Amino acid sequence: MDKVWKMGLVGLGGSHRSAAYMHHPQISVTAICDPDSDTLGKTGDELGISDCARYDNYADFLNADIDFVMIGSPVPYHAEQTLAALEAGKHVLCEVTAASSVEDCFRIADAVERSGLTYMMAENTVYFHFLQEWKRMMREGRLGTVFYAECEYVHEIRDRIMNPATGAVYWRNERPPLHYCSHSLGPILEMIDDRIVRATGSGKSQTIVPHGGPGCIDMQVALFETAKGVTIKLLRSSVAARLPAIGHYSLYGSKGQLENGRLGYDSDGWMYVEGEPECEKGAIPLPCPIIDPTAPEEATKGGHGTSEYYLIRDFIDALDRSVAPPIDVYRAMEYTLPGLIAQEAVEKGGVWLDVPQVR
Ligand SMILES: NC(=O)c1ccc[n+]([C@@H]2O[C@H](COP(=O)([O-])OP(=O)(O)OC[C@H]3O[C@@H](n4cnc5c(N)ncnc54)[C@H](O)[C@@H]3O)[C@@H](O)[C@H]2O)c1
């Protein structure tokens with residue numbers, strides 16, 4: 001019989017992502033942790049967690065009967081909670097991004113190496129159905145050699161940065177837009193099987209929420225160069241007025257170009273491939289569903305198409321087989337570090353900086 005893995009959830013919040021995780025037949029939630037007593041009580045009741053397995057203290061929670069910790073707390077806590085979990089002998093599945101500083105990225109990588117435990121970063125966009133399809137196309141060489149890519153993640157979440165009624169600020173107030181780069185870079189790096197070696201960035205203006213912190217910078221753009229020589233442009237904002245939000249990807253290869261739509265992740269895009277009969281007259285419409293039509297009904301419970309369903313399957317599979325998961329600690333840092341370095345480049349006046357290599 002397949003092993004059932006005991007999951008401890010920390011940071012319960014408003015997220016529905018873990019709903020898909022809990023649906024996995026090999027997962028049993030055995031402990032939960034959150035400093036907010038209302039959230040702890042509500043989630044505990046929903047999940048049927050006994051009072052003695054509900055923790056407001058993380059150190060106590062790590063002593064509970066759990067095999068792995070799903071870290072869903074705010075990003076500023078990710079590094080310390082990851083390190084403590086590994087120290088306590090627990091595997092880790094951590095929300096995006098892995099850490100807020102270069103030093104912490106390296107501390108986590110070292111700790112995973114020393115512990116021999118499994119670490120995965122829960123970057124769900126990589127698992128969007130159309131991006132998995134695109135990855136297959138790239139592997140088949142249909143676009144030829146990719147030399148340029150663009151990605152945009154512009155998602156207005158002012159009310160999750162600052163309370164509109166009271167003006168109280170949340171953790172995202174201190175988080176520059178470029179630090180949240182993994183939704184954009186992750187899928188592109190997977191498609192081109194590459195890593196970023198240099199970065200620069202621009203964007204400091206604050207006209208929309210002038211009294212906020214760096215999280216309220218109007219918009220930032222970064223340019224990256226990869227080890228294979230691909231140029232990537234990334235655009236990020238958490239405050240710019242745009243509805244619907246955009247999660248956009250565009251790639252240019254030696255044989256063609258493709259992109260998803262500009263009205264939400266799964267809006268139809270375009271594709272042109274030189275020499276393919278259906279593109280004889282130019283680009284053709286390209287459906288970009290985030291739901292895999294072949295997945296079972298429960299696969300959409302995570303709320304981002306079928307992405308969480310496949311993500312947790314890969315994590316449990318890695319635990320079962322004691323192998324590295326697809327977004328292992330090195331890949332996690334390759335999704336996280338470029339944004340930290342691009343922000344450093346912005347602060348230094350738009351210089352180009354090397355991105356430290358974690359492997
Ligand atoms: N992958 C995605 O699509 C996606 C979407 C949204 C958020 N996220 C990630 O999920 C994480 C949480 O984001 P959120 O918007 O739910 O945050 P949030 O501010 O709503 O906080 C989540 C929960 O963490 C709890 N918390 C606060 N401090 C804590 C601590 N020290 N230890 C444990 N729990 C603590 C809060 O009480 C809350 O219940 C972040 O890493 C974020 O980047 C990912």
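Below is a table of values for the structure above.
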item: Separation of alpha-carbon centers, segment 238-282 and segment 289-337, rounded to whole Å; result: 23
item: Distant-in-sequence amide H partners of T306 (H built 1.01 Å from N, under 5 Å); result: H129, I291, D292
item: Trypsin sites (Lys or Arg not before Pro) within segment 280-337, DSSP loop, no more than 10 other Cβ atoms inside 10 Å; result: K281
item: Computed over segment 91-190, Kirkwood Rh from alpha-carbon pairs, angstrom; result: 16.4
item: Using a Förster distance of 25 Å, the FRET efficiency for D110-V323 (Cβ separation, nearest 0.05); result: 0.80
item: Distant alpha-carbon pairs in the chain (separation over 37 angstrom), percent; result: 18
item: Projected area, mean over directions - segment 114-253, Cα convex hull, nm²; result: 10.7
item: Within segment 79-141, GluC sites (Glu not before Pro) in DSSP loop having at most 11 other beta-carbon neighbours inside 10 Å; result: E140
item: Distance violations [Cα-Cα > 19 Å] among K135/K228; K228/K348; K90/K301; K3/K90; K204/K233; K204/K348; result: K228/K348; K90/K301
item: Cα-only Debye scattering, segment 213-297: base-10 log of I(q)/I(0) at q = 0.13, 0.15, 0.21, 0.23 Å⁻¹; result: -0.62, -0.78, -1.10, -1.14
item: Degrees, to the nearest 10: 329-347 long Cα axis against longest axis of the chain; result: 70
item: Radius 11 Å from Cβ of T306, net charge of other residues (Lys, Arg +1; Asp, Glu -1); result: -2
item: Within segment 246-323, GluC sites (Glu not before Pro) in DSSP loop having at most 15 other beta-carbon neighbours inside 10 Å; result: E274, E280
item: The chain, relative contact order in percent, only Cα pairs under 8 angstrom and at least six apart counted; result: 19
item: Tilt relative to the chain, helix 102-115 - C-alpha long axis, 0 to 90 degrees, to 10; result: 60
item: Surface/4 estimate of mean projected area, convex hull on alpha-carbon atoms of segment 194-341, nm²; result: 12.4
item: Amide proton proximity set for V197, modelled H, under 5 Å, gap of 5+; result: E225, T226, A227
item: Segment 90-99 - phi-based ³J(HN,Hα) in whole Hz, Karplus 6.51/-1.76/1.60, Gly and Pro as x; result: 9, 5, 9, 10, 10, 4, 7, 8, 5, 6
item: Mean shadow area of segment 36-130 over all directions, Cα convex hull, nm²; result: 7.4
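Laboratory data are not the source of any read-out in this text; all were calculated from the coordinates shown. Please read all numbers here as calculations on a predicted model, not as lab measurements. We place every Cβ from the backbone using ideal geometry, glycine too, and count neighbours over all the protein chains shown.
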